[in-house]
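Participant: Handing you a structure now.
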Amino acid sequence: MKYYGTELNKRRYEILMSAGGVDALEWESERSNGGARPRAWLRTKANQSRRHQRGDARIVAKRILDLLGA
């Protein structure tokens, strides 16, 4: 479920950023609420990366344990 939530959130922000065009990337202004949308969009990218890294670490750990016969 966490993976699904991460993917759904990522897709949501991809659509919002696409729909907003260049203005959606505005970083520092009152109109953009201090760049809340682009910051949230970038956060979804970081969340996705962390989730993949954790998954990769689990795979590596399992393979090492298998090699050790544990």
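Please treat every number below as a calculation from the coordinates, not as lab data. Please read all numbers here as calculations on a predicted model, not as lab measurements. Here the Cβ positions follow ideal geometry from the backbone for every residue, glycine too, while neighbour counts run over all protein chains shown.
Participant: Would you tally the net charge around Arg31, using a Cβ to Cβ cut-off of less than 12 Å, leaving Arg31 out, and scoring K and R as +1, D and E as -1?
Facilitator: -3
Participant: In addition: What spacing in nm lies between the two simple spin-label points modelled at Glu28 and Leu8, each 7 Å away from Cα in the Cβ direction?
Facilitator: According to this spin-label approximation, the distance is 3.6 nm.
Participant: Name the residues whose placed amide hydrogens come within less than 5 Å of the amide hydrogen of Gly34, ignoring near sequence neighbours (fewer than 5 apart) on the same chain.
Facilitator: For Gly34, the qualifying residues are Ser29.
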